[in-house]
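One structure is given below, represented as structure tokens, and several questions about it will come after.
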Amino acid sequence: MSVVRAAVLEPGAAGVVVREVRTPDALAPGQVRVAVRASGVCHSDLHVVDGDWPAEEPLVLGHEGAGVVTETGAGVLDLEVGDHVVLSWFAPCRRCADCAQGRPWTCSRTRSLENRLPDGSVPSTDLDANPVAPFLGLGAFASEVVVGESAVVRVPREVPFEVAALIGCSVATGVGAVVNTAGVRAGQSAVVVGCGGVGLAAVMGLHLVGAGPVIAVDLSDERLATAGRFGAQHLVRGDVEDLPAAVRELTGRGAEFAFECIGRASTIEGLPDLVAPGGAAVLVGMTAYDTTVRLRPFDLADAGKRILGCNYGSSIAQVDFPRLARAHLAGALPLGDLVGRTVALDEIGSALDDLRAARGLRTVVVHD
Ligand SMILES: NC(=O)c1ccc[n+]([C@@H]2O[C@H](COP(=O)([O-])OP(=O)(O)OC[C@H]3O[C@@H](n4cnc5c(N)ncnc54)[C@H](O)[C@@H]3O)[C@@H](O)[C@H]2O)c1
Ligand SMILES: [Zn+2]
Ligand SMILES: [Zn+2]
């Protein structure tokens, strides 16, 4: 049994506290113990902290992590102690019809969204033996996690842990939205609304596939400047008077693809107006659980516009994570440029404040 420090969201007013939790002594079959070396701070963590998504029990936050395998349970065949790994926050069952047809991001039997391991368990407890659930089956804001095998993906050792961590959420989601969900091809136009960790990864993905023109939209001049460095040709503030007109001026009839990477009702409602006839609006940002939006169905039907939902960049973790890692090592995806401040776990509060204020790039918690 190890006692490790973790950032825990307490239900009620206590908020996020860094405290000690115990990980289990013995691993159940199919479980893997990972020493977490880096975990990125994603807006999905902030959604639970801010109450957008219900959380009725103590939760170890963090779902964008990477580290080293330190122990494998019975029946774990594909991983070895010492492997460098990226954690996947959507552990698929690998057996249901969705998994069998190559769509693990809609797995019907995953327990990740209930903050459970694939076997339904909560592995860690507080020091009084009360369960402390792992957010999205990971709880990566801790120096050690016990997770299910299908949530652990080996990547080359040469990839720095900070970069590997980002592959586990923002990069898989943003690049995957472009490459997998939308299937953008060279020379197609695209607009990315919201250039945080996920949106900037989408801009990088668009650059990777040779899309153009690429228009980045954000309210932060700092974020826009970064999007420009990552290959966006046009930078537009989200509060311009007429965003659809600005996009039409740059593209003709609108962009062939528009990616919403915020999770805000107003920007989702405005997304189809940025899209050219026959194009697609891709919903990547996650709203609060019960948010509804108003759309103009006549325009969608009349202009043949599609709306695509995007979970985890439509990624197959075992395939896409190593690919993203290799693209990074080959110099095609400079993922190191997405890493912002690195902080100790005790600074999680200020990291969440940075995210709230859209300051800097992706903050990464490093564990020693
Ligand atoms: N679909 C998925 O599987 C998936 C995976 C990861 C994250 N997400 C979601 O994606 C969203 C983005 O996550 P993130 O970590 O990149 O967040 P972030 O906070 O880093 O980025 C959000 C960006 O949106 C910008 N923004 C806010 N309001 C705006 C407006 N009105 N117009 C233009 N820009 C505006 C902010 O300045 C910021 O740069 C979140 O909702 C998160 O939960 C979805
Ligand atoms: Zn995330
Ligand atoms: Zn499944």
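Compute the acute angle (0 to 90°) between the alpha-carbon long axis of helix 197-209 and the principal axis of greatest extent of the alpha-carbon atoms of the chain; round to the nearest 10°.
Taking the Cα atoms of the chain, the angle to 197-209 is about 60 degrees.
Treat every Asp and Glu Cβ in the chain as -1 and every Lys and Arg Cβ as +1, leave all other atoms uncharged, and give the resulting dipole magnitude about the Cα centre to the nearest 20 debye.
Using Cβ point charges on Lys, Arg, Asp and Glu, the chain gives about 1080 debye.
Please identify, among 101, 31, 233, the residue showing maximal mean-square fluctuation in a Gaussian network model of the chain using a 10 angstrom Cα cutoff.
101
With only Lys, Arg, Asp and Glu charged, each at its Cβ (+1 for the first two, -1 for the last two), find how big the charge dipole of the stretch 251-340 is about the Cα centre; round to the nearest 20 debye.
Computed charge dipole of the stretch 251-340: roughly 140 debye.
Can you tell me the Rg and Dmax of the chain, counting just the alpha carbons, in angstroms?
Spelled out, the Cα radius of gyration and Dmax of the chain are 20.0, 63 Å.
Here's another thing I want to ask about it. Dipole of the chain (Lys/Arg Cβ +1, Asp/Glu Cβ -1, origin at the Cα centre): which of 8, 176, 84 lies farthest to the positive side?
Farthest along the dipole direction, towards plus: 176.
Related question: Length gain on complete extension for the stretch residue 222 to residue 350, per 0.36 nm per residue less the alpha carbon to alpha carbon distance?
44.2 nm
Translational diffusion coefficient, Stokes-Einstein: compute it for the stretch 145-289 using the Kirkwood radius over C-alpha pairs as Rh, at 10 °C and 1.306 mPa s, and state it as an integer in µm² s⁻¹.
It diffuses with D of about 103 µm²/s by this estimate.
Then there's this: What number comes out for accessible area per residue over the chain if the probe is 1.4 Å? Units Å², please.
Per residue, the chain has 41 Å² of solvent-accessible surface.
Could you check the spin-label model distance between residue 299 and residue 342? Points 7 Å from the Cα along Cα→Cβ, value in nm.
Label-label distance for residue 299 and residue 342, simple model: 4.5 nm.
Which three numbers, in whole Å and largest first, are the semi-axes of the equivalent ellipsoid of the stretch 1-144 derived from its Cα gyration tensor as √(5λ)?
Output for the stretch 1-144: semi-axes of 23, 19, 14 Å.
Please name which of 363, 300, 278 has its Cα lying farthest along the dipole of the stretch 257-368 towards the positive end, using unit charges on Cβ (Lys, Arg +1; Asp, Glu -1) and the Cα centre as origin.
278
Let me check I've understood the local charge: for residue 291, count other residues with C-beta under 10 angstrom from its C-beta, Lys and Arg +1, Asp and Glu -1. What total comes out?
Around residue 291, the charge tally is -1.
Now a separate question. Could you look at the stretch 153-219 and say what percent of its accessible area is carbon and sulfur, using a 1.4 Å probe and all protein chains?
Whole-percent figure for carbon plus sulfur exposure: 53.
Cut-off 10 angstrom, C-alpha nodes, Gaussian network model of the chain. Which of 232, 165, 330 fluctuates the most?
330
Additional query: Please give the calculated 222 nm ellipticity per residue for the chain, where each DSSP H segment of at least 4 residues contributes -39500 (n - 2.57) and the sum is spread over every residue; nearest 500 deg cm²/dmol?
-6500 deg cm²/dmol
Using only Cα atoms, find the angle between the long axis of helix 317-329 and the longest principal axis of the chain, and express it within 0 to 90 degrees, rounded to the nearest 10.
The angle comes out at about 70 degrees.
GNM, the chain, Cα, under 10 Å: largest mean-square fluctuation among 90, 298, 161?
Result for the chain, Cα springs under 10 Å: 298 fluctuates most.
So what are the ³J(HN,Hα) numbers for the stretch 304-311, from phi and the Karplus equation (6.51, -1.76, 1.60; θ = phi - 60°), rounded to whole Hz, Gly and Pro as x?
Karplus values, whole Hz, x for Gly and Pro: x, 8, 10, 10, 10, x, 10, 9.
Given the Cα-Cα distance of residue 81 and residue 265 and 0.36 nm per residue of separation, how much length would full extension add, in nm?
Result for the pair: 61.8 nm of gain on full extension.
How big is the antiparallel share of DSSP beta bridges in the chain, given as a percent to the nearest 5?
Among the beta bridges of the chain, antiparallel pairing accounts for roughly 55 percent.
What is the antiparallel percent of DSSP beta bridges lying wholly in the stretch 1-142, to the nearest 5?
90
Also, I was wondering about something else. Could you let me know the centre-to-centre spacing of the stretch 131-157 and the stretch 172-229, using Cα atoms, in angstrom?
Each part reduced to its Cα centre gives a spacing of 28 Å.
The values are calculated or read from the model by the stated rules, or taken from the named source; none is laboratory data. Bear in mind that the values here come from a model prediction, so they are computed numbers and not experimental data. Backbone-built Cβ (ideal geometry, glycine too); neighbour counts: all protein chains shown. Protein only, heavy atoms only, side chains kept; ligands, DNA and RNA dropped before computing areas. Shrake-Rupley method; radii C 1.70, N 1.55, O 1.52, S 1.80 Å.
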